[in-house]
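A short write-up of the structure that comes next.
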Amino acid sequence: MTARRFETMETGGPGGQPLDAIVVGGSQAGLAMAWHLARQGLRFAVLEAGPEIGHVWRSRWDSLTLFTPAQYDALPGMPYPAPADTYPTKDPVADYLQAYAAAFDLPVRVNARVTSLSRTAEGFEARTDDQVFRARQVVVATGPFQVPFVPPAAQRLDESVTQLHSAGYRNPQALPAGPALVVGGGNSGFQIAEELAAAGREVSLSIATKAPMLPQRLAGKDLFWWLTRLRLMRVTTGSPLGGRLSGRPDFVIGSSRRRLAAAGVRFRPGVAGAERRTVRFTDGTTLSAGTVIWATGYRCDYSWIDIPGVARDGKVVHQRGGTDVPGLYFVGLTWQHTRGSALLGFVGDDAAYLAGRIAAYRRAADAAAPGPAPSLERP
């Protein structure tokens, strides 16, 4: 995207006529949304908080590897550039997102964290540190991984214990020598525990709730080959099966308790409490902790949305991404509509649906307005 192009977009946003839409968040969900909005001929801007597209991906631990193979990692209109049945790591994913935005000249503005979103007579107003953007409609594409969650027990551990969330973990060499406790039985917890054990560390893995575990490959085919052929990636939240699956812990893919145990990982139940250097588990056993990695997930933060009724108990109130507030949508949420809603190669389906709604909303507004309807061509 050239400087002149964004300059043109600016005249359609701050200080000018409202844009058709603002997309808050410029990672995979926001970029998929942008592609579909561009296909609809709408005037919009994508506001990305990070210093570059793909920043969140580059910030994860060094060895992070997708459990979806390359053929299932494409955003709309552009294949993922890797052989089928290979598993991309984090930096190539970030490179792909940057290349994607450049290939389609998507109007992404980086270093543009939205600090406030409110309603106006014409639609919505999004404020960043140095700009005010106005639009008739808004899509929040900040994803489900926003604020790292650390249990209260962490506050009771002594300062001599090294503590970090999985969001801050990079590699075994960056940790102090000695045993490590990984807390969390999801994909991150299993992957980090296995990596630490492979590096020769003494590792304990605390699991509060056992998640279903699936192998990466079955009968010579990748798991996602089976999931797509059986249409399990298309199961909706409104179906009986989708309702059951969405209420359970997410699958752990490609990891094996047996393999970790063979590598020396000791399994522990959930953390019940902590005091100084001692972690207490729900079965009454304890562990003297030197390093604790909290692979305990994330919480959403919508405190910057100054619109009542959008979120309840930290969760968005929506129907397939549409809220009760006309013109306000979400994309990239876990189980937003299907199992694949938050995954790189599947988020485009929800983006296409919402882009259609946004374009219809715009046409209806134009039809109701006096005088000739403005062109839907982007500036």
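Since every read-out is calculated from the coordinates, none of them should be taken as a lab result. Just so you know, these numbers come straight off a predicted model, no measurement behind them. Every residue, glycine as well, gets a Cβ built from its backbone with ideal geometry; the counts of neighbours run over all protein chains shown.
Miscellaneous remarks
- Spin-label zone in segment 164-199 - amide nitrogen under 16 Å from a point set 7 Å from the Cα of Arg257 along the C-beta vector: 184-187, 189-191, 194
- Backbone geometry of segment 67-83 corresponds, through the Karplus equation with coefficients 6.51, -1.76 and 1.60 at θ = phi - 60°, to 3J(HN,Hα) couplings of 8, 9, x, 4, 5, 10, 10, 8, 8, x, x, 8, x, 6, x, 7, x Hz, x marking Gly and Pro.
- Other-chain or far-sequence residues with amide H under 5 Å of Gln137's (modelled H): Ala21, Ile22
- Segment 62-140 - Debye-derived log10 I(q)/I(0), Cα point model, q = 0.27 Å⁻¹: -1.20
- For segment 17-90, the Rg and Dmax computed from alpha carbons only, in angstrom: 14.5, 47
- For q = 0.14, 0.23 Å⁻¹, Debye-computed log10 I/I(0) when each Cα of segment 182-288 counts as one equal scatterer: -0.68, -1.22
- For the pair segment 150-185 and segment 38-77, the centres of their Cα atoms are 28 angstrom apart.
- Here's how it looks for Val325: its modeled amide H is under 5 Å from none belonging to a residue 5 or more places away or on a different chain.
- Segment 28-159: C-alpha gyration tensor shape, a/c 1.5 cut-off, then a/b vs b/c: oblate
- Gyration tensor (alpha-carbon) shape descriptor, segment 266-350, a/c threshold 1.5: prolate
- Using θ = phi - 60° and Karplus 6.51 cos²θ - 1.76 cosθ + 1.60, couplings along segment 155-169 (whole Hz; Gly, Pro as x): 5, 8, 7, 5, 5, 6, 7, 6, 10, 7, 7, 4, 5, x, 6
- Kirkwood-type hydrodynamic radius, segment 223-269: 13.1 Å, calculated from all non-identical alpha-carbon pairs.
- Three-way shape call for the chain based on the alpha-carbon gyration tensor, with the a/c threshold at 1.5: prolate
- Packing, taken as the mean count of other beta carbons within 10 Å per residue, orders the peptides 278-287, 89-98, 186-195 from highest to lowest as 186-195, 89-98, 278-287.
- A dipole drawn for segment 111-264 from +1 and -1 charges on Cβ atoms has a positive end, and of Phe251, Leu205, Ala180 the residue lying farthest that way is Phe251.
- Rounded to the nearest 20 debye, dipole of the chain from Cβ charges on Lys, Arg, Asp, Glu: 1120 debye
- Under Karplus coefficients 6.51, -1.76 and 1.60, residue-wise ³J(HN,Hα) of segment 288-303 in Hz, glycine/proline x: 7, 9, x, 10, 10, 10, 8, 8, 10, x, 9, 10, 7, 10, 10, 5
- Compared with the direct C-alpha span, the chain from Ala177 to Arg231 gains 14.8 nm at full extension, assuming 0.36 nm per residue.
- Spatial separation of Cα centroids for segment 293-318 and segment 213-237, in angstrom: 29 Å
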